[in-house]
1. What whole-number value in Å² describes the accessible area per residue of the chain for a 1.4 Å probe?
2. Over the Cα atoms of the chain, how large are the radius of gyration and the largest Cα-Cα distance (Dmax), in Å?
3. Given Cα positions, please report Rg to Rh for the range 123-185, the hydrodynamic radius being the Kirkwood one.
4. With the full set of protein chains in place, find how many percent of the accessible area of the range 12-80 is carbon and sulfur; take the probe as 1.4 Å.
5. How high is the relative contact order of the range 77-161, in percent, counting Cα pairs under 8 Å that sit 6 or more residues apart?
6. Taking the simple approach of a point 7 Å from Cα along Cα-to-Cβ for both Gln57 and Ile74, what is their distance in nm?
7. Obtain the nm distance between the two label points defined at Leu96 and Ile40 by a simple spin-label model: each point lies 7 Å from its Cα along the Cα-to-C-beta direction.
8. Residue farthest toward the positive end of the dipole of the range 134-188, with Cβ of Lys/Arg at +1 and Asp/Glu at -1: which of Val171, Tyr186, Pro152?
Amino acid sequence: TTHPNWDMGAKITLDSATMMNKGLEVIEAHYLFGASYDDIDIVIHPQSIVHSMVETQDTSCIAQLGWADMRLPIVYSVSWPHRLKMPYKPLDLAELGSLTFKAPDREKYPCIQLAYDAGKMGGTMTAVLNAANEAANEMFREDVGLGFLDIPKLIEGAMEAHKEDFKDKDVTLDDILSCDAWAREYVAENTKNVVKAPIPL
């Protein structure tokens, strides 16, 4: 299947289904803008028109709106700090008619909480989260018998197992690469166990 509004490829489409894409964006926002995890919220917006929103200290919000088209952020990223005139269809709010928003169901989408938890721990845990997700995502797409709900369970298992070797001070690139490789091996090995004996819900 495909995302209803974006054409992003199989991996990110599956990340959208598990909502891990939003969890990873929370971690990105924390590092890019220095915002506390408690100040970063995920909002489900079916129309995919509002791409980001910042609340200022007077409680007013500044939002970035545009059609669901990755060309726009790509152009902006390479032309910053300038704005280039592009031959794209202008955004027509009257044509859209309405914009809707709702909070995500964290029980239905456990990957959201896993990302927040990993982000708040920091250190090597975010590397384990990312690698375990990439590995579980790939195994699911390879159709080896892994269930959709097994994806967050495998990620959570990797994070829990990593707590014994977790490092949050003086983390080096070698530490990150080692944790990445370990998490992928963890998922590969435990996927075999899941396929043989499905994880109970």
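1. Per-residue value: 64 Å².
2. Cα only, the chain: 18.8, 56 Å (Rg, Dmax).
3. Rg divided by Rh gives 1.02.
4. Using a 1.4 Å probe with all protein chains present, the range 12-80 comes out at 60 percent carbon and sulfur.
5. Relative contact order comes out at 23 percent.
6. 3.9 nm
7. It works out to 2.3 nm between the two label points.
8. Pro152
The values are calculated or read from the model by the stated rules, or taken from the named source; none is laboratory data. Keep in mind the model is a prediction, meaning the values are calculated, not measured. Positions of Cβ are generated from backbone atoms using ideal geometry, with glycine treated the same way; all protein chains shown enter the neighbour counts. Side chains are part of the model used for accessible areas, which takes the heavy atoms of the whole protein and leaves out ligands, DNA and RNA. Shrake-Rupley method; radii C 1.70, N 1.55, O 1.52, S 1.80 Å.
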